[in-house]
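The values are calculated or read from the model by the stated rules, or taken from the named source; none is laboratory data. Keep in mind the model is a prediction, meaning the values are calculated, not measured. Don't worry about glycine lacking a Cβ; one is built from the backbone with ideal geometry, like all the others, and counts go over all protein chains shown. Ligands, DNA and RNA are excluded from the accessible area calculation, which covers all protein heavy atoms including side chains. Shrake-Rupley method; radii C 1.70, N 1.55, O 1.52, S 1.80 Å.
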Protein chains: 2
Amino acid sequence: MNVRTLCLGILAFDEASGYEIKKAVEDGMFSHFIEASYGSIYPALTHMLADGLVTVREQLQEGKPLKKVYSITEAGRKALKNSLHELPQQDKFKSEFLFQALFRDQVEMKHLEAVFDGQMAFLYDELATIEECRQSAEPGSGHAFVNGYGRAVVSAAIQYMEESRSSLGLPEKTISSDAAE
Amino acid sequence: MNVRTLCLGILAFDEASGYEIKKAVEDGMFSHFIEASYGSIYPALTHMLADGLVTVREQLQEGKPLKKVYSITEAGRKALKNSLHELPQQDKFKSEFLFQALFRDQVEMKHLEAVFDGQMAFLYDELATIEECRQSAEPGSGHAFVNGYGRAVVSAAIQYMEESRSSLGLPEKTISSDAAE
DNA sequence: CCTCACATGTAATGAGTTACATGATTGG
DNA sequence: CCAATCATGTAACTCATTACATGTGAGG
């Protein structure tokens with residue numbers, strides 16, 4: 001999938017600016033698909049505007065810079081549907097964290113612990129984001145399915161990580177002020 | 001992570017040819033980290049050879065073409081360790097399957113079913129691959145941890161998918177003996 | 001005052017994929 | 001004979017990231 005399709009998908013739900021799209025991809029409702037930087041989002045929007053897949057409207061705001069709000073067109077919806085049908089019908093579980101875990105004997109214990117804790121922090125953060133999104137997702141919607149899937153997978157990862165901590169030779173984590181589940 | 005680091009990691013376990021690396025990344029013990037094509041693997045090996053991170057040995061085989069077997073050097077191990085320490089300490093759950101699921105209302109039911117079944121097939125296949133790898137992974141090793149993680153996550157995904165089938169409006173899957181079209 | 005959040009964009013660069021190009025051998 | 005598997009490699013191309021470039025307004 002490319003950034004164009006991602007943006008089109010987001011705009012199919014609601015109009016948005018490039019900045020808002022970035023935020024949604026970074027953290028929000030659309031953070032579980034692919035990554036995208038400003039350097040790919042803005043050109044994608046410009047390109048789609050030229051192709052008539054989106055329209056733009058400049059919005060003046062009080063106390064904030066001018067915002068260019070993009071809306072999807074009928075042609076855009078058609079293009080999205082088309083792209084959707086062309087996407088591969090499988091995806092892969094790939095993890096760079098696992099790659100690092102693979103070499104646990106070859107790195108310093110301190111580093112392994114940092115990596116493990118980093119992944120743990122990520123997983124808990126991810127779960128929190130998902131729970132947050134679950135609030136605003138209506139039951140039976142695509143969003144609800146996505147959040148349910150994410151929650152199932154992330155929870156399983158957390159559980160396995162917690163169980164594995166000692167077997168990797170890592171010290172027990174004394175809970176300082178963390179949010180327990 | 002780049003393909004160079006991936007290859008180096010694989011070679012840290014055992015010597016291999018470019019072709020063998022590709023197979024291991026496609027299907028085998030090293031299929032859960034990043035993807036890599038011949039077009040990236042061969043140049044990576046050539047590059048690392050020039051840098052002295054690996055050595056090469058040409059191996060004649062009966063009934064098969066000549067094979068170039070690469071082995072990691074001490075400098076290679078050092079470089080690997082270095083790269084490992086520089087990798088990001090988090091990774092992301094990204095899924096293009098979920099993106100498609102998001103638009104379940106906007107695609108034809110037939111397509112949604114194909115995508116769903118495709119993902120299901122992938123998950124079961126993945127689980128089978130992992131179980132297979134578990135046989136050859138010695139307990140307590142990095143491989144064992146990786147396989148355990150993969151198994152936990154993939155199992156959770158399968159369970160959620162099975163539970164969600166009907167709620168997505170998909171027909172119950174009759175155990176496939178009459179799957180011929 | 002200075003930094004952060006908001007907001008938009010471009011250009012150089014880099015990393016990888018796809019398609020191309022070749023060729024041996026085995027099995028149906 | 002033809003397809004598949006084994007095996008190595010290159011070149012054009014795509015796509016996205018990073019760094020650059022600019023500017024406003026709010027709040028500590």
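Rundown of residues vs (1) crowded, with 22+ Cβ neighbours inside 10 Å; (2) away from chain A (no Cβ under 14 Å); (3) more than 9 Å from DNA strand C (Cβ to nearest atom); (4) among the hydroxyl-bearing types (Ser, Thr, Tyr), yes/no style:
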| residue | (1), (2), (3), (4) |
| --- | --- |
| B:Cys7 | yes, no, yes, no |
| B:Ser17 | no, yes, yes, yes |
| B:Lys22 | no, yes, yes, no |
| B:Met29 | no, no, yes, no |
| B:Leu49 | no, yes, yes, no |
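Return only the number of the condition from (1) farther than 28 Å from B:Cys133 by Cβ; (2) surrounded by fewer than 17 Cβ atoms within 10 Å (Cβ to Cβ); (3) within 7 Å of another protein chain (Cβ to nearest Cβ) that A:Leu84 does not satisfy.
For A:Leu84, the failing item is (2).
Being touching a residue at least 40 places away in the same chain (Cβ under 8 Å) and either open to solvent by less than 10 Å² (accessible area, probe 1.4 Å) or facing chain A (nearest Cβ under 8 Å) (or both) is the filter here; which residues of the range B:102-111 pass it?
B:Arg104
For the range A:60-83, give me each residue that is in contact (Cβ under 8 Å) with a residue 12 or more places away in the chain and of a type outside the set (Gly, Ala, Ser).
Selection gives A:Lys67, A:Lys68, A:Val69, A:Tyr70, A:Ile72, A:Thr73, A:Arg77, A:Leu80.
Looking at B:Ala156, B:Ala128, can you tell me which residue is free of Cβ contacts under 8 Å to residues at least 24 places away in the same chain and at the interface with chain A (Cβ under 7 Å from one of its Cβ atoms)?
Only one candidate passes the filter, namely B:Ala156.
Given the structure, is B:Glu58 open to solvent by 70 Å² or more (accessible area, probe 1.4 Å) and part of a loop (DSSP other than H, G, I, E, B)?
Criteria not met by B:Glu58.
Taking the range A:31-41, which residues are surrounded by fewer than 18 Cβ atoms within 10 Å (Cβ to Cβ) and touching a Gly at 6+ places or on another chain (Cβ under 6 Å)?
none
Among (1) outside any helix (DSSP H, G or I); (2) in contact with a Pro (Cβ under 9 Å, 6 or more places away or on another chain), where does A:Pro139 come up short?
With (1) outside any helix (DSSP H, G or I); (2) in contact with a Pro (Cβ under 9 Å, 6 or more places away or on another chain) applied to A:Pro139, the lone miss is (2).
Take A:Glu35 and tell me if it is in the same structural domain as A:Asp14 (by TED's automatic domain parsing), among the acidic types (Asp, Glu) and within 16 Å of DNA strand C (Cβ to nearest atom).
Considered against the rule, which asks whether it is in the same structural domain as A:Asp14 (by TED's automatic domain parsing), among the acidic types (Asp, Glu) and within 16 Å of DNA strand C (Cβ to nearest atom), A:Glu35 comes out as yes.
Could you list all residues from the range A:61-81 that are within 16 Å of DNA strand D (Cβ to nearest atom), assigned to a helix (DSSP H, G or I) and within 15 Å of A:Ile21 (Cβ to Cβ)?
Within the range A:61-81, A:Leu80 is the sole residue that qualifies.
Quick check on this structure: which one of B:Glu163, B:Glu132, B:Glu138, B:Glu96 is open to solvent by 80 Å² or more (accessible area, probe 1.4 Å) and under 23 Å from A:Glu126 (Cα atoms)?
B:Glu163
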